[in-house]
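> One structure coming up, written as structure tokens, with questions to follow.
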Amino acid sequence: MYGRFKDHLEAQLEQIRERGLTKTERVLTTPQGVEIRTESGAKVLNFCANNYLGLCNEPRVMAAANYAFFRWGYGCASVRFICGTQQVHRELERRLAEFLGLDDAILYSSAFDANGGVFEPLLDETCAIISDELNHASIIDGVRMADLEDQLVEAREAKFKLIVTDGVFSMDGTIAQVDKICDLADRYEALVLVDDSHATGFIGATGRGTHEHCGCIDRVDLIVTTFGKALGGASGGCVAGRREIIELLRQRSRPYLFSNSLSPAITGATVEVLKILGESAELRDRLMANTRLFRQGMESAGFRIVPGIHPIVPVLFGHLPDDARLARDFADALLDEGIYVIGFSYPVVPVGKSRIRVQISAAHTPDQIAFALDKFQKVGGRLGAI
Ligand SMILES: Cc1ncc(COP(=O)(O)O)c(C=O)c1O
């Protein structure tokens with residue numbers, strides 16, 4: 001039997017190759033961080049990790065993981081409701097809820113799982129989910145906010161309505177206008193879920209996320225977020241929300257009920273990350289200062305970037321000929337110059353919108369940012385991009 005299936009798979013793989021869409025993985029020989037090495041050679045500066053606060057290799061976070069590892073063991077060998085809930089899991093849930101400004105939180109193995117487990121228990125076919133998948137950019141600017149309103153009108157008869165949006169759109173680094181979304185939600189009696197995976201820990205005055213940034217911290221009903229980016233970068237995620245919502249998810253959410261507990265080491269380390277964030281805004285401030293430095297430097301050099309304040313800085317090539325090839329060649333040339341970034345083109349972004357997505361970290365030094373700017377300028381001049 002496998003022969004025929006093998007042919008079928010090989011044909012698909014060939015198709016992916018032919019369309020130039022094969023994703024290759026560069027293998028690191030070092031821990032994740034600002035300075036990394038790949039199997040193919042020299043040390044490079046990493047400008048494409050989600051390591052926004054530089055915590056993925058932070059000694060205090062690693063020590064907390066180490067402590068939790070010995071205090072609570074390597075693994076739970078159980079789902080939460082059988083015998084997989086340790087005090088450290090409840091502590092993390094309490095701290096997450098407090099940090100995010102909601103009643104309670106529930107842990108998942110990833111934010112992907114959290115998103116996969118949040119809708120089915122809460123809503124059925126009589127309800128409407130209005131998701132940014134349908135109108136991704138619609139929540140970004142005022143003009144398109146009308147699209148959201150149209151959809152709310154269309155969903156008028158639904159028993160319950162839930163608006164789902166990314167807090168930060170990850171290909172653009174644009175921050176959703178969560179306050180305006182909440183206004184519409186109030187007007188049309190809808191609930192609001194924000195996926196703040198690219199915001200928790202550093203967006204908003206104390207890093208609580210886009211709801212803090214937009215001044216509507218008590219108006220969002222549900223937040224999904226990840227521990228795999230700013231909050232240490234290991235893995236895991238959660239849904240935070242109003243008490244009854246979280247209670248029902250504990251009873252009914254399939255990835256929670258049928259998947260193993262978050263490992264104690266990650267759980268304990270994430271508790272420590274929240275303590276660090278509660279002690280000072282230093283990391284967040286450094287990240288924002290680094291971001292400003294990089295954004296200003298790129299604009300002065302003549303690059304087109306998506307404007308904003310977020311450490312995701314998309315460098316755009318869509319206005320230049322053969323933009324997909326250019327983005328790829330640009331990223332390859334930067335790697336030769338010691339800067340690790342990735343070019344994105346269709347289908348990850350729309351046709352004609354190819355880009356290099358730079359991600360700034362609090363762990364970058366101003367010298368490293370200056371070095372990156374210098375290399376961008378050098379390669380940009382050589383490839384006719386500026
Ligand atoms: C907006 C958003 N939500 C969820 C996820 C998934 O997070 P995790 O890695 O915890 O599954 C990502 C990851 O890239 C993301 O960008």
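> Where in segment 16-120 are there GluC sites (Glu not before Pro) that are in a DSSP coil and have at most 10 other Cβ atoms within 10 angstrom of their Cβ?
Taking segment 16-120 and a limit of 10 other Cβ atoms within 10 Å, the loop GluC sites (Glu not before Pro) found are E25, E39.
> Once the other residues with Cβ under 9 Å from the Cβ of H211 are scored (Lys, Arg +1; Asp, Glu -1), what is the net sum?
Neighbourhood net charge equals -2.
> Which value, in Å to one decimal place, does the Kirkwood hydrodynamic radius take for the chain when every pair of different Cα atoms is included?
22.3
> Give me L326, L9, L293, L287 ranked fewest to most by other Cβ atoms within 10 Å of their Cβ, as a rough exposure proxy.
Ordered from fewest to most neighbouring Cβ atoms within 10 Å, L326, L9, L293, L287 come out as L9, L293, L326, L287.
> Of the chain, which part is the longest with no trypsin sites (Lys or Arg not before Pro) in a loop (DSSP not H, G, I, E, B) and with at most 11 other C-beta atoms within 10 angstrom?
Between the exposed loop sites, the longest stretch runs 160-386.
> Along each principal axis of its Cα atoms, how long is segment 1-69 end to end? Whole angstroms, biggest number first, please.
52, 31, 21
> Additional query: Tell me the net charge near Q32. Cut-off is 12 Å between Cβ atoms, Q32 excluded, with +1 for each Lys or Arg and -1 for each Asp or Glu.
So the environment of Q32 carries a net charge of 0.
> How far apart, in nm, are two points set 7 Å out from the Cα along the Cα-to-Cβ line at K275 and at E157?
Computed distance between label sites K275 and E157 equals 5.5 nm.
> Hey, which lysines would be in cross-link range of K375, C-alpha to C-alpha under 29 Å, not counting anything within fewer than 8 residues on its own chain?
Answer for K375, where 29 Å is the Cα cut-off: K23, K43, K229, K353, listed by chain and number.
> Within the chain, what is the longest stretch that has no chymotrypsin sites (Phe, Trp or Tyr not before Pro) placed in a DSSP loop and near at most 16 other beta-carbon atoms within 10 Å?
Longest site-free region, per DSSP loop and neighbour criteria: 259-386.
> Tell me, in nm to one decimal, what length is gained between T126 and A289 on full extension, where the rule is 0.36 nm per residue of separation less the Cα-Cα distance?
Result for the pair: 54.0 nm of gain on full extension.
> If you average the sequence gap of Cα pairs under 8 Å that are 6 or more apart and divide by the length of segment 1-102, what percent do you get for the contact order?
Worked out over segment 1-102, it gives 11 percent.
> For the chain, what is the mean residue ellipticity at 222 nm derived from helices alone (per DSSP H run of n ≥ 4: -39500 (n - 2.57); sum divided by total residues; nearest 500 deg cm²/dmol)?
Result for the chain, helices only: -13500 deg cm²/dmol.
> If you don't mind, another one. Set the Förster distance to 22 Å, then compute FRET efficiency between R19 and K43 from the Cβ-Cβ distance, nearest 0.05.
Computed FRET efficiency for R19 and K43: 0.10.
> Which residue fluctuates the most in the chain, going by a Gaussian network model with Cα springs under 10 Å, if the choices are L107, L231, L148?
For the chain, modelled as a Gaussian network with Cα springs under 10 Å, the answer is L148.
> Please compute the modelled spin-label separation between L383 and V79, points set 7 Å along Cα→Cβ, answer in nm with one decimal.
4.7
> Still on this structure, please answer the following. How much net charge surrounds H364 when only the other residues with a Cβ under 11 Å from the Cβ of H364 are counted, with Lys and Arg +1 and Asp and Glu -1?
-1
> Set the Förster distance to 45 Å, then compute FRET efficiency between M1 and R252 from the Cβ-Cβ distance, nearest 0.05.
That pair, M1 with R252, gives E of 0.75.
> Which semi-axis lengths, in whole Å and largest first, follow from the square roots of five times the eigenvalues of the Cα gyration tensor of segment 49-108?
Semi-axes from the Cα gyration tensor: 21, 19, 10 Å.
> What is the Cα radius of gyration of segment 239-386 over 2.2 N^0.38 Å, N being its residue count?
Working it through for segment 239-386, the quotient is 1.37.
> If the viscosity is 1.306 mPa s and the temperature 10 °C, what translational diffusion coefficient in µm²/s does Stokes-Einstein give for segment 59-279 when Rh comes from Kirkwood over Cα pairs?
Translational D for this selection: 90 µm²/s.
> Mean shadow of segment 146-273, computed from the convex hull of its alpha carbons, in nm²?
Projected area, direction-averaged: 8.9 nm².
> Right, next: Please tell me the relative contact order of the chain in percent, rounded to the nearest whole number, where contacts are Cα pairs under 8 Å and at least six residues apart.
Rounded, it is 22 percent for the chain.
> Between F70 and E98, what FRET efficiency follows from the Cβ-Cβ distance if R0 is 22 Å, with the result rounded to 0.05?
0.25
Read-outs: derived from the displayed coordinates by stated rules, not from any lab. Computed from a predicted structure; not experimentally measured. All Cβ positions, even for glycine, are placed from backbone atoms using ideal geometry, and neighbour counts span all protein chains on display.
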